[in-house]
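The structure appears right after this line, and notes come after that.
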Amino acid sequence: MNAQRRTITKQEINSLPLWRYDGPVVLLEDPAQVADAAARLAAAALIGIDTETRPAFRKGESYPVALLQMALPDIVYLLRLNQQGLPDPIRGIMEDAALMKVGIAPRDDIRELRRDFDCQPRNVVALDKVCRSRGYKVTSARKLTALILGRRISKSQQTSNWAQPVLTPAQIAYAATDAWICQEIYRHLHPNL
C-alpha cells in the first residue's frame, strides 16, 4: 500500500492477503498467570487493547463486557472478564497513567470497563483519532489495517457470543488479532517508539 494514501475501498481491502496474529496467546486463568502477565505488561512501552461483549440484537438489550485483550508485539493476553472478573493486577495495568494503552475507538471499551468493573482506565490513546489527525479518512480496524499495514483482517467473529463458556479457536484468533493490530499500527505510525 502507498504510504501517502488516506482511504481505501472495500474491493481494495478484499484483494489484500488475509492476515491474523499467529504468535502466543495466553488465556489468563489463574493468579500466577495474571501476575506474570501484569509484570510483563507493566514493563512495556505500549499495550494494544480491546474488549469483546456478547452482542445485543434487541433494542434496550445489553450485556457486560466479556473479554479484555492486551497485546505486546510478541504475545497477547486474553482475560475472560465474565468468568473471572477484573483481577487487581490487571486493573492496575489499565489504571496506570504511566503505561500507554492504544485501541481503535476505545471510548465504548472504557465506558464498559467503568460500568461493569469500576475500572478507571488511564492513558488510553484512541488510534482512530490519531489517524484522523494525520489525514486518514478511515478509522475502522479493518480499514486501518489494510491501509497502514497492507493486510486484510477477518471480522467474521465480531458478532459471535463472547460470553459462552468456552471460546472457539476462531474467536481466540480474532480477539488476539484485534488487540495486536492496535499496537502494530501505532508502532508503524511512530517508528521511533
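The values are calculated or read from the model by the stated rules, or taken from the named source; none is laboratory data. Note that this is a predicted model, so its numbers are computed, not measured. Backbone-built Cβ (ideal geometry, glycine too); neighbour counts: all protein chains shown.
Here are some notes:
- Restricting region 132-152 to residues that are within 13 Å of the chain's Cα centre (by Cα) and not basic (Lys, Arg), the residue that is surrounded by the most Cβ atoms within 10 Å (Cβ to Cβ) is THR145.
- Residue in region 113-135 that is among the aromatic types (Phe, Trp, Tyr), touching a helix residue (DSSP H, G or I) at 6+ places or on another chain (Cβ under 8 Å) and not in a loop (DSSP other than H, G, I, E, B) present: yes
- With respect to (1) among the aliphatic types (A, V, I, L, M); (2) under 20 Å from ARG151 (Cα atoms); (3) touching a strand residue (DSSP E or B) at 6+ places or on another chain (Cβ under 7 Å), the lone exception for LEU68 is condition (2).
- Selection of region 2-31 for residues being of a type in the set (Gly, Ala, Ser), closer than 26 Å to ALA170 by Cα and exposed (fewer than 12 other Cβ atoms within 10 Å of the Cβ) yields only SER15.
- Test set (1) closer than 27 Å to VAL166 by Cα; (2) surrounded by fewer than 17 Cβ atoms within 10 Å (Cβ to Cβ); (3) among the acidic types (Asp, Glu); (4) at pLDDT 95 or above - GLU95 fails condition number: (1)
- Filtered residues of region 153-166 (kept if of a type outside the set (Phe, Trp, Tyr), surrounded by 13 or more Cβ atoms within 10 Å (Cβ to Cβ) and under 12 Å from ARG54 (Cα atoms)): GLN157, GLN158, SER160, ASN161, ALA163
- Looking across LEU147, LEU99, one residue alone is in contact with a helix residue (DSSP H, G or I) (Cβ under 9 Å, 6 or more places away or on another chain), closer than 27 Å to ALA42 by Cβ and of a type in the set (A, V, I, L, M). It is LEU99.
- Of all residues in region 175-184 being crowded, with 23+ Cβ neighbours inside 10 Å and of a type outside the set (Gly, Ala, Ser), the one that is farthest from PRO55 (Cα to Cα): GLN183
- Residue in region 61-74 that is surrounded by fewer than 20 Cβ atoms within 10 Å (Cβ to Cβ), within 17 Å of the chain's Cα centre (by Cα) and among the hydrophobic types (A, V, I, L, M, F, W, C) present: no
- Flag if GLY103 is under 27 Å from LEU189 (Cα atoms), at pLDDT 95 or above and within 14 Å of the chain's Cα centre (by Cα): yes
- Filter pass, ARG142 being under 20 Å from ALA126 (Cα atoms), touching a Lys or Arg at 6+ places or on another chain (Cβ under 7 Å), among the charged types (D, E, K, R) and part of a helix (DSSP H, G or I): yes
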